[in-house]
Amino acid sequence: MARPVQLAPSSLALVLSRQGLQERATEAGDTEEPSGRAVFRAFCRANARCFWNARLARAASRLAFQGWLRRGVLLVHAPPASLQVLRDAWRRRALRPPRGFRIRAVGDVFPVQMNLIAQSQFIPLAEVLCCAVSDMNAAQIVVTQESLLEHLVKHYPGHRVWHLIIQSFWMD
């Protein structure tokens, strides 16, 4: 059995909420949420501008975007020392939110463990052929014996018997 994979190690979660006009727009039914990367960049910019706190500015420059969860949870990753600077800034109320947001909470994210699911070597022929024909139709490629064979060789490499299979199932 494969070893488990750890997701989101050395990460912090920032629970954000909209503030001001954006908060009222959400209450009025405007559910369009900004992209997580845009919120992350705004968070980094806000804290990188703290030139009077060189440690915080440097820590903000070392952050990496880890993810954006619905309801305004920003996941960030950084070296342990940079994460500690962010924790300390939060404790001292010096951590700055991205524009248009306020930070409601900051916390450590314990690594999520993922157990890999192994794939079998078996590929159902009917599934492969249907997917290939569907993909070719979507790309407006005429499905012929030759074009289907090219598609299969390109998208399912390592299966050298495609030409035999196509020839045996192809109807003239």
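The set of residues in region 63-75 being surrounded by fewer than 16 Cβ atoms within 10 Å (Cβ to Cβ) and on the phi < 0 side of the Ramachandran plot consists of Ala64, Leu69, Arg70.
Listed here are the helices (runs of 4 or more DSSP H) enclosed by region 16-128 that have at least 2 residues being at pLDDT 95 or above: 36-48, 54-61, 80-91.
Per-residue answers, yes or no, for (1) assigned by the TED database to the domain that holds Leu14; (2) touching a helix residue (DSSP H, G or I) at 6+ places or on another chain (Cβ under 7 Å):
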site: Arg71; (1), (2): yes, no
site: His77; (1), (2): yes, no
site: Val85; (1), (2): yes, yes
site: Arg92; (1), (2): yes, no
site: Pro98; (1), (2): yes, yes
site: Ile103; (1), (2): yes, no
site: Asp108; (1), (2): yes, no
site: Cys131; (1), (2): no, no
site: Gln140; (1), (2): no, no
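Looking only at region 138-152, residues that are open to solvent by 90 Å² or more (accessible area, probe 1.4 Å) and part of a helix (DSSP H, G or I) come to 2 in all.
The values are calculated or read from the model by the stated rules, or taken from the named source; none is laboratory data. Please read all numbers here as calculations on a predicted model, not as lab measurements. Cβ: placed from backbone, ideal geometry, glycine included. Neighbour counts: every protein chain shown. Ligands, DNA and RNA are excluded from the accessible area calculation, which covers all protein heavy atoms including side chains. Shrake-Rupley method; radii C 1.70, N 1.55, O 1.52, S 1.80 Å.
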